[in-house]
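S.K.: Quick one: the structure is below, questions incoming.
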């Protein structure tokens, strides 16, 4: 059974490292979450294995308050996307603090919760299909880690209490020969003893000396549980409607007709794509003219002096092109 702590430590630190890598991929910027795997290895070796380095509770609380204050100060006068990025970095810093604390089951639960929160924040920072494949892998690793946590908790209870069942002390009542009254009194004492008898708790795991707790059968059961969870998640994904139609990336909701009819420039142009444009009375551009002294000029009067019937504006429609192998590109 000595393999159970090692397997659990590797799994939970691997889960934290995987969450950091997924957040770095989703954000598109490696710092600071790219440091999480290296710090997880250091914490595993020094904090949980060697038990030589750990962060005191006072210092951990002080650092936690400091990163919360820093995040709140950075969120001032920022856009919604920048605030989400700052919140993701806050989760990373809190994970680092928990990594180097002296751990019990509470700290391990915090590590799992922070890893899930990092992955959840990363899911709103990217729309890459590969991130969905990472989520499937993260789900299997999470189920495996949580099952090992339950097994590790049972292992700690077994090591602390030792094998064997809890004994229940029998309560005996001496027989009396004093007639039916004494027999009635003895029966009452016997009934009272049933209510006063101490209760006994038995563990949910049964120890079989001829079979290991962590074996092939255990791994197959966790794999089957993960497949069942994947089927349920796929059903929720297919039957729950998505609401991103007619919604800006980081802005307010808009009606579908307004979203289709909006005009302007795009950061990406694909040749051959047809984009429907509808007439829209929404203002997209406002121009004001000033002379050399800073005095405002009338736009229509200036156009008449320049010989134009109406103001004309020139915009860049195509700046850079890139051709794919096997395709011809005309510009």
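The values are calculated or read from the model by the stated rules, or taken from the named source; none is laboratory data. These numbers come from a predicted model, not from an experiment. Positions of Cβ are backbone-derived with ideal geometry, glycine not excepted, and every protein chain shown enters the neighbour counts.
S.K.: In the list 87, 24, 19, 71, which residue meets the criterion of being under 29 Å from residue 216 (Cβ atoms) and either in contact with a helix residue (DSSP H, G or I) (Cβ under 8 Å, 6 or more places away or on another chain) or buried (at least 16 other Cβ atoms within 10 Å of the Cβ) (or both)?
M.R.: After applying the criteria, what remains is 19.
S.K.: So residue 126 clears everything in (1) within 19 Å of residue 34 (Cα to Cα); (2) buried (at least 18 other Cβ atoms within 10 Å of the Cβ); (3) in contact (Cβ under 8 Å) with a residue 60 or more places away in the chain except one condition, right? Which one?
M.R.: (2)
S.K.: Follow-up. Would it be correct to say that residue 133 is surrounded by fewer than 13 Cβ atoms within 10 Å (Cβ to Cβ), in a helix (DSSP H, G or I) and at pLDDT 70 or above?
M.R.: Yes: the conditions hold for residue 133.
S.K.: Just for the stretch 27-36: of the residues that are crowded, with 18+ Cβ neighbours inside 10 Å and farther than 18 Å from residue 127 by Cα, which one is modelled with the highest pLDDT?
M.R.: By that ranking, first place goes to 36.
S.K.: Follow-up. Check the stretch 44-64 and report whether any residue there is under 25 Å from residue 126 (Cα atoms) and surrounded by 12 or more Cβ atoms within 10 Å (Cβ to Cβ).
M.R.: Within the stretch 44-64, none of the residues are under 25 Å from residue 126 (Cα atoms) and surrounded by 12 or more Cβ atoms within 10 Å (Cβ to Cβ).
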